[in-house]
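Student: One structure, as structure tokens, below. Some questions next.
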Amino acid sequence: MEANGSAPQRARDGKHVVTLREVADAAGVSTSTVSRVLDDRVPPSRSATAERVRAVADQLGYRRNTFASSLRRGQTATIGVLVPRLSDTVMALMYEAISRAATRLGYFTVVATTGDNPADESDAARTLLARNVDGLIVASSRRDDPLPRELRERGVPHALVLRTDGISPSSVGDDEAGGYLATRHLIDLGHTDIAVLSGPLFASTAVGRLAGARRALREAGIAEVPEWIVETTFGIEDGEEAGNRLFRSASRPTAVFAANDNLALGVVAAAHRCSLTVGDDVALVGYNDIPLSQRLPVPLTSVRTPFDQIAATALDLMLATTIPVDDPIRRAMPTLIPRRSSGSHRATTAAGPPAAAGVTRSEGRS
């Protein structure tokens with residue numbers, strides 16, 4: 001093999017590998033021009049020269065060697081992503097959005113699940129970093145999580161996504177605004193007996209959504225009922241358990257804001273067990289607007305999270321050479337999507353549950 005590269009390169013199957021130099025010679029431009037034009041990490045140029053270079057590259061069968069170019073940059077063009085679990089639809093949607101955003105920038109993503117366990121999260125981060133990923137996107141962060149601090153201290157490029165510790169570069173939804181929109185929607189429909197299933201308060205998402213709900217209640221002059229503010233995890237079974245308690249109590253809420261669509265699905269199951277009809281006997285609003293929401297027998301009103309926008313911003317933050325210390329957290333505005341499940345106050349107060357359900361209708365608490 002000749003060190004000066006004058007001999008034709010061969011792939012492992014013995015076929016000739018087309019080089020940048022060959023494309024440049026055929027197109028009548030410099031190799032640096034060919035490199036810039038064919039770099040899929042940057043927006044494509046539409047100049048006549050760029051079009052000619054791409055046409056020549058296609059004709060010659062050129063394939064960009066991403067591994068070699070990454071080695072020259074001292075990078076692997078790979079990004080590690082940490083999520084609690086992929087069985088959670090929200091986390092699966094978030095990872096897919098991150099993967100799409102990374103692909104557009106010429107990066108490949110590798111995902112690891114942590115089960116919302118800080119020790120497993122740290123182990124997964126170490127494993128990914130040992131494989132020389134160029135940075136980490138962390139969707140599993142807790143408010144007291146030590147991992148983001150360790151990443152900052154080590155100078156590891158990273159960004160938190162969906163959840164934030166309030167310090168590290170973070171791309172999140174405006175959860176307080178979303179919680180406010182959901183609860184304000186129920187109030188505008190005439191409800192005053194409103195329960196809130198917050199999710200786990202170790203997650204900034206739950207804290208923000210609960211804060212927004214409380215702000216809406218406070219502005220409307222509606223006093224909180226302590227037993228109707230329920231901390232849960234984000235699982236369907238937790239929503240069902242909480243819903244059963246709420247609907248079988250001596251006085252039940254006429255409306256529920258569930259800070260996650262999985263929780264809302266559990267509430268739907270609980271309502272069915274208690275012979276209540278969502279949208280008629282009880283109003284329900286979820287959060288994240290997962291694809292299943294609009295396909296339920298009673299379509300679910302939900303607060304839509306802009307996953308693609310959040311993912312793109314997270315990549316920008318992770319790849320940025322400097323992050324303004326006074327603005328490390330970027331918040332994307334959610335959108336309320338009204339559907340049948342939130343019904344109306346007239347509907348949910350006009351129809352009480354059957355006596356066999358063991359539930360009495362609330363007469364309106366303020």
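Student: How are the C-alpha pair distances of segment 262-320 spread across 10 Å bins, as whole percents from the shortest bin up?
Tutor: Bins of 10 Å from zero give 21, 40, 19, 14, 6, 0 percent of pairs.
Student: Here's something else I'd like to know. If you add up the charges near Leu147, with Lys and Arg at +1 and Asp and Glu at -1, over every other residue whose beta carbon is less than 13 angstrom from its beta carbon, what do you get?
Tutor: Residues near Leu147 contribute -2 overall.
Student: Still on this model: Amide H to amide H, which residues 5 or more places from Gly279 or on other chains are under 5 Å from it, using H placed in the peptide plane?
Tutor: Leu284
Student: Sticking with this one: Report, as a whole number in µm² per second, the diffusion coefficient that Stokes-Einstein gives for segment 75-209 at 20 °C and 1.002 mPa s using the Kirkwood radius over alpha carbon pairs.
Tutor: The calculation lands on 135 µm²/s.
Student: If we sort 192-198, 163-169 on the protection proxy, mean other Cβ atoms within 10 Å, highest first, what's the order?
Tutor: Sorting 192-198, 163-169 by mean packing, highest first, produces 192-198, 163-169.
Student: 5 Å is the cut-off here: which amide hydrogens, built 1.01 Å from N in the peptide plane, fall below it relative to Val133, excluding neighbours closer than 5 in sequence?
Tutor: none
Student: If you average 1/r over all unlike Cα pairs in segment 195-280 and invert the result, what Kirkwood radius do you get in angstrom?
Tutor: It is 12.8 Å.
Student: Given a 1.4 angstrom probe, I'd like the percentage of the accessible area of segment 180-250 that is carbon and sulfur, rounded to a whole number.
Tutor: 55
Student: For segment 168-301, with every protein chain kept in place, what is the accessible area per residue (1.4 Å probe, Å²)?
Tutor: 33
Student: On alpha carbon coordinates alone, what is the Rg over Rh value for segment 226-334, Rh being the Kirkwood radius?
Tutor: Reported Rg/Rh, Kirkwood definition of Rh: 1.13.
The values are calculated or read from the model by the stated rules, or taken from the named source; none is laboratory data. If you're wondering where the values come from, they're calculated on a predicted model, not measured in any experiment. With ideal geometry, Cβ positions are generated from the backbone for all residues, glycine too; neighbour counts draw on all protein chains shown. Side chains are part of the model used for accessible areas, which takes the heavy atoms of the whole protein and leaves out ligands, DNA and RNA. Shrake-Rupley method; radii C 1.70, N 1.55, O 1.52, S 1.80 Å.
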